[in-house]
Each structure stands twice: as structure tokens, then as C-alpha cells.
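Sharing a structure here in C-alpha cells format.
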Amino acid sequence: MDYRKSYLGIKKDWGKNIHTSIVEKKPIVLLGNRAFARGVIDAGYHGADGYPGTPSTEVIDTLLASSSEISVGWSVNEAVSLGVGLGYAIAGKDALVCMKIPGVFQAADVLVSTAFSKVASGALVIYAASDYAPSSSQYLIDPRYFFHSLYIPVLEPKNHQELYDSAAVAADLSREQHCPVIILASSLLAHSEAQIFTSRPRKVEPQPLIAGDTLQNIPLPPFARKSYDNAVVNRKSRLEAWAESHSVTEYIPGKGKWGLIAVGAASIILQESLDHWKLNPSLLLLGSSIPLPFKKIEFFIKQTQGPCYIIEEGGSYVEEQLKLKGFPVIGKERFPTITEWTPALIDDYFEAYQIIKPRSLTDKPRTPMTSIKRPPSLCPGCPYKAIGSAITSLKNEGRVSRVFGDIGCSSLLCFDRVFDFSLCMGASDSMRQGFVLARPEEKAKTLSIIGDSSECHSGLTASRNNSFRNIPGVKIILDNESVAMTGGQISPTSRKGPSLDLQKVLEAHGIPAVKIDAYDYQLLRQELVKALDSAAQGVFSAIIVKGSCIKNASLKPSQAIRIDWDLCVNCRKCNICPGIIFSPDSKPSITDKCTQCGEGTPVCMQLCPVHAIKWDLQPKEKPGPQLSSQQGFISRHKNKKTFSFPRQLRLAIRGVGGQGNLFIGKVLSRLMQPVYGSDAKIIKGEVHGMAQKGGSVFSTFACGDLHSPIFCKASVDILIAMERSELLYPGFIELLKPGGQIILNNYMILPKKMNHEDYPSLNDILCPVSTYSVKIIDACSISEAYSNTIILGVLSNYKPYDQIHLEDWFNALAYLSPSEKISQYNQYYFIEGKKL
């Protein structure tokens, strides 16, 4: 077989062998997860299930919102979800199951048994999203070693188009081979946006049920051995043949006697760096890692006739497999800790192997000395704040010595030193149990904390173990009726669906349980003391702290709170929330972020020892913008201009969670697609996860002839800092190309418990960028809520954005505005920014 011809023939269409390549629709810019969801719909899946877990959550969210033809739902955990998906496949229907990598191991028992069964005639596809940074997970483990032992195929899409196509590719492969197929999706693709082309939707008829002796469907030892042998002998060889013949491998011939093999999403990072350095080696880009196309790889290495390097996310799985075959590849020998590649790391790699010349110290990224740490925090008005304050006070008094935490929004309590240990979902109380068994004298001073979704996910098993083992102590369940950390999906306790009453569930297990208002600080503290006293008498009990996630709660729009500075003694006991800021003289002030604690009494008001925080009985309504005053300005900007845009355009934005950073990129994506046309790439990158919770948020936007949402050093045209200290974030300034420009919003968001004197001055911030053009604005003095739109208005004065017609900007803003009123406000504040 002439592999060179095969490579050149498959370069254009990753999924052409299986999924129709007839493009009927216009190009569309979508988040990677949403692009995959669209692929699932177009590929004709019948069912989808999952458990929320960043960075995979948006797949099921999208399917729930956009398709009535697919049966879609959330399950209580990944193991259950995988069982549900297998049930669909047994019924002859194609099913998708979504999870992040920790969920793969939570569902491992079901997955292992499924991998060696032949009970399903329909497809079973598992979308497992990795997070090798990590941004929102505790796992850096490479699951491919585990998947390899199951003899099931693993696809690793290289870009957003392949992510869309992979839904059909995986379904057909699963049906043909009667085994589950893994789509290992990089968080780089899952949480960035790019332009894709959709294909003609297809309809897949349900398959007939598998006939035969049903006894063969029972995993008894003799049948298990037979199934395993079949997978090793027969399925393995069939999958290897598929890997050699299918178009998931892309060959790009280059110049010079050296080559690079890249796996999955690492391909676009590599291509971005190669373009930046104007390097042109031969490339072999792999879209699957299990099984590997060894014949194609062997041919590539022989053709290269020189050193061959391998770039992959996660561990060194592919590198190790190739070395076992005797292939002379160079991998991560000098960089064993890299799990997620960036262009900066590729630069280091190229320099280490003398692919590029050693850079001088002035060329290498520098870290400004004045950059500040900005840990994520609970949202303003979060129902977890009162219980966190109560536990902290009891720790200070010596009543509580150890607190075991869990995964989710409650994990952010660690930054307030509320809990001391955390491991994984559902493990908080089992750790507490072991600790108390080892140190029984601590039984009345030890707590566990868990969220409602985590309790339903896997925490209830530990609760049952308490009934079984009778281990005294206190378990606190924070019930906000949602899976809040991943975007507010419903949990089993949500009032939006058939609500599960955790109090009744625990009491049915013989566990005393009380339900307390999450915003009643004094009652929470009293019940905690009472429960600890009961633990001293050998009793295990639970406290359910009930309060809706502030994003779903009913707010009090007609009320506001204020601080009476005549009474305030600057004790800082109210310093628990981003809704309060402190001036240099330690005077607290209420910010626009304050939610008045939603459905409850403001916690800061309850904590104030001198009652200086009060309801404002006559709150001042902020005047809305005078929209009509802008018409004269608009009429002066109606001349259509001829577009003349550069081959590549890049923009990078830093801000703080809650400032609307991501909205800027969404508007630009909507705006620039018709400007650059369908042949150009539109790419938008963003950080999801805990960064959204008041931490640093980084996003990128690019269009033109490029590859990656993560940029090379010295390649960005404009930097935007929505909060002034974010300009100093390590590596941010280094992105700016010579002659690049900076838009700096002179707005300060002081991290909680940080002193004003520790925050960098404006001069400190401007010092590292003294050689660049910096535009300093104060968007938040015009409107804090619409500061992102104001910044867009400022940006519209910069080349080449100044060529875009005003109506086009307004159309993009209107498309992304949830109401006509907000659309009008966005237009008004856009013009206010343009005036700057």
C-alpha cells in the first residue's frame, strides 16, 4: 500500500469514510463541546446521558436545550450514567455518555465489564474530557493506559471540526466492533470556540437486539474468560486494521530530514509554534491513540530520514508504545512533567533539542515581580458563607479541630481555612470516619462537609457506612439544589424536578438529621454545637444546610443594604464576600456585586457586632442611559468602509471572574465571521472552571490563517486588561508583538483579605509596558455592569476594527443580548466607549 498517497488523500476530510462530507449549511462558530453536541444530533444518536463535570458539561446542556429527537438527561453519577447508556445500546439504539476523567474511574467497574461484553447492538460512545492543565479538576492521570488494557478504541480529535465529525465516526465504529468507543476530548478543544462546517443530518435506524443464549450475557468466570480472549485475539486485530485504513491520521510533508508526530489537540499547538518560527518539518498528526497505526508510523519515520519527535498531552503513552516497537522517537525525556502543551513549552522543547537557536534572556518570558495571586471565591451571597463563618468561629474557639471537605463549590471554603482536607467526590465523611476510628478522642471535634450533588453522587455510601459501623460524628450537607460549580445543572434535590428529600433519606437510614436555613447564622452555630455534643455521646448526625444557589435564587431587587460608617469599628468581620470592598483606611463599602444574600438575611449583617450594616430603606435607583442622546453620534458613523484585514489577527484579554470577559470574544466571533469569510478560521479560547468564581479569567480571540486558541509569545496585536493588576499576570505581557497595543481598564478588584498597600500601584503596573502604546480608560466609572461593552467600544477605534460598520457591531451585540432592553443598553455603552 502506498501510504504517501493514502496520507495525501485523507488530509482534507477526517471523517469522510464514515460520515457524509456534503456540506449543506453555512459555517458556524461553536464552543468545542457544543460542536460535538451538534455532531451527536447530526449523527442520529437516540440517547445521551451524563454527570456534570467540567470540562464536559456543555455537551449534555446543549443536547437538553436543542434536541427533542434525542432522549437526554443527567444521572446521579458516572457509573449510573454509563449503565443507562449501555441500556440504550442493548436496546439497539446509539447512545452517548459524557463525563470528565475522574468520572471515568468512578465508572470503571461498569466500563471494564462493558468492554468485554457483547450484549449491545447499538453504539455506546463515551465522551471523556481531559483537563491536563488542570483548570478545574484534581486529575492529571493519563487514562489511556487504562483504556489500553480494555482493548477499546480511543479517538483523540485534533481540532474542532474533527470533534464535530467524531460523533459519527465513533458511533459507526462502536456498532461495527460491538464495543464501547472513547472520545478523549482535550479541554483545549472542549472549552474554546472555532468555526466548523456541519454535515447533512442522518437518521440511524435502531438495530435488532442481539439474539442467542442469554446465559452468555452473565459475567460468570467461564464466560468472562471467553470474552476477554475474544477481545485480545479478534477485536484487537480488527481495530488495528481499522486504524491503518481509516482517515484519522493526517500526513503533511515538509522540508528537511526531521519530523514531528503529534497526537490529538497537541497538533494545533504544535502547528501554531511551527508557523511562528517558520519551521517546515514533515508532520504525522494522529487522531486516534488506541490502537496506533504502526505501519503508517513506521513508513513516516523511514521517510523522515532524521530525528523524529513526538508531542502528546497527558503522559507518554504513545511515546512508550512506539519505543516498545523499536521506533527511534524522541519524546518527553527532558520534560517528564509536561501534561498539557502550550506554545511557550514548545519553544522550550525546540530550544532544548536545538531546533531553534537559544533565546537570550530578553527574549524569554519574564514574570513581573508585582503580579498578585487571585484565588477563586464563593459568589456574592452564596448560601455557604454562613456555615463557613460558623465553622471558622468554632475552630477559633477550639470546639472544632479537623474538617474534611469534598469536591464542588464547597471546596472554595478552603481559601477561608474552613476545612483541612479534601480528596474526591463523596470521600469527605469516609475520611472523617477513618480519622475518628484512629483517634476516637477527636469524635466530638471533627466534621465532614459535602454538597448535595456530591452526597447523591457517592456520599450516601459513606452515610450508610455510618449506620452500619456506628461511628460518631457530624456530617454537614450543603444543599444548594444544583450542581453549581459546573454551571448550575439540576441536582436530585432541585425544586425544578422531582425533588429528593435528603433529610428523609438519611432518617430512613437511622441517621438523625436536621434541615437549617443556610442564611441563619445563629441557628447554624447552635445546631453545630448541639451536634458536636451529641457526637461526644457516641451519636452520628447530619445537618442539612438548605439554600438555593445564588444564581438560581429569588433576589430582592427593590432592597439594598448600606454601611453606617458612624457605627463601623473596622473589625473586618464582614470581609467574607466579594460584595464588600475595603478602602485604604479599612472602611467597608457595598459594591454592585452585592445580592443581599438572595432569599435570606445578609450574612454580613448578622456578623456585624455593632449593627453597622443596615437595610437601606430608601435605595437610590440608578438612572438608565439616555438612549436618544446617541442618535446624532450614530448618524455620523454610517459610511460603509472597504474591509482590509491582516492575514492574522489576535487579541488576548485578562480580567476577574464576573467582569464579563468572555462576552468580548463572543461578540468578536459573531462580528468577524462575515468579514473574514468561510475560508478563514475563527478561534476563541477561554478558561472555565474555578477561574470563573472570582479568580483570574483569560480569554483569546483570533481570526485568519492560524491554528490554536493558545498563542505564541510576541504574536498578539492587542492586549486588554479589564482589571489593572491582571496586566501583570505571568506571561501575559510577553504575548504582545512589537508595536502591539494595550487597553488598560484602571479598575481595582482587591482579592479578599488582601491589604491595599500590597496591591500594585498604577506606576508599578505601567513600568513593564513603558515601551508599548497603552490606552488607560476607566470604564467602570461609566458603568461597572457594562464595562465589557464599553471596552468593545474603545476597541472599535483601533485598526483594523475601526473598518467595521457600526450597524454590524450593533447586530452582534443584539444577537448576544438576552432582551431588547439589554440590547439597547449595550448599544448605548458601546458608543460611550467609542467616545473615549
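The values are calculated or read from the model by the stated rules, or taken from the named source; none is laboratory data. Since we're looking at a predicted model, the values are computed, not measured. Using ideal geometry, Cβ is built from the backbone for each residue, glycine included, and neighbour counts are taken over all protein chains shown. What goes into the accessible areas is simple: the full protein's heavy atoms, side chains included, and nothing from ligands, DNA or RNA. Shrake-Rupley method; radii C 1.70, N 1.55, O 1.52, S 1.80 Å.
Would you work out if the stretch 687-773 is rounded, prolate or oblate? Take a ≥ b ≥ c from the square roots of the eigenvalues of the alpha-carbon gyration tensor; rounded if a/c is under 1.5, else prolate when a/b is larger than b/c, oblate otherwise.
Verdict is oblate for the stretch 687-773.
Using a Förster distance of 22 Å, how high is the FRET efficiency between LYS753 and VAL610, based on the Cβ-Cβ distance and rounded to 0.05?
Efficiency computed from Cβ-Cβ geometry: 0.60.
Quick one: what does P(r) look like for the stretch 173-327 with 5 Å bins over all Cα pairs, in whole %?
Spelled out bin by bin, the stretch 173-327 gives 2, 7, 13, 16, 17, 14, 11, 9, 6, 3, 2, 1, 0 percent.
Could I ask something else about it? If you roll a 1.4 Å probe over the chain with all protein chains in place, what percent of the accessible area is carbon or sulfur?
The computed percentage sits at 53.
Are any of the pairs LYS681/LYS737; LYS158/LYS323; LYS684/LYS775; LYS614/LYS752; LYS100/LYS278; LYS100/LYS496 more than 31 Å apart by Cα-Cα distance, and if so, which?
Violating the 31 Å limit, Cα to Cα: LYS100/LYS278.
Per the helix-only calculation at 222 nm, which mean residue ellipticity applies to the chain, given -39500 (n - 2.57) for every DSSP H run of n ≥ 4 and division by its residues, nearest 500 deg cm²/dmol?
The helix-only estimate for the chain comes to -9500 deg cm²/dmol at 222 nm.
Now a separate question. How far apart, in nanometres, would the label points at HIS148 and SER589 be if each is projected 7 angstrom from Cα along the Cα-to-Cβ direction?
A separation of 5.9 nm, rounded to one decimal place.
Using the Cα atoms of the stretch 148-194, I'd like the radius of gyration and the largest Cα-Cα distance, Dmax, both in angstrom.
Both quantities, over Cα of the stretch 148-194: 11.4, 34 Å.
Sticking with this one: Pop a pseudo-label 7 angstrom from the Cα along the beta-carbon direction at both PHE335 and HIS509 and give the gap in nm to one decimal.
Inter-label distance under the simple model: 4.6 nm.
Please list, or write none, the aspartates and glutamates whose alpha carbon is within less than 19 Å of the alpha carbon of LYS445, excluding same-chain residues fewer than 8 places away.
GLU397, ASP406, ASP416, ASP420, ASP429, GLU527, ASP533
Which percent, nearest 5, of DSSP beta bridges in the chain are antiparallel?
35 percent
Moving on to the next point. Counting only heavy atoms of the protein chains, get the accessible area per residue of the chain (1.4 Å probe) and round it to a whole Å² value.
With the other protein chains kept in place, the chain gives 41 Å² per residue.
So if R0 is 35 Å, what FRET efficiency would SER237 and ASN465 give, r being the distance between their Cβ atoms, rounded to the nearest 0.05?
0.20
Here's another thing I want to ask about it. Can you spot the aspartates and glutamates whose alpha carbon is less than 13 Å from LYS325's alpha carbon? Ignore those fewer than 8 places along the same chain.
In chain and number order, the partners are GLU298.
What ranking do 301-311, 501-511 get when scored by the average of other Cβ atoms within 10 Å per residue, highest first?
Ranking the peptides 301-311, 501-511 by packing returns 301-311, 501-511.
Gap in Å between the Cα centre of the stretch 137-163 and the Cα centre of the stretch 298-346?
Cα centres, the stretch 298-346 to the stretch 137-163: 16 Å.
Let me ask something additional. What is the Cα centroid distance between the stretch 556-598 and the stretch 436-484, reported in whole angstrom?
Each part reduced to its Cα centre gives a spacing of 34 Å.
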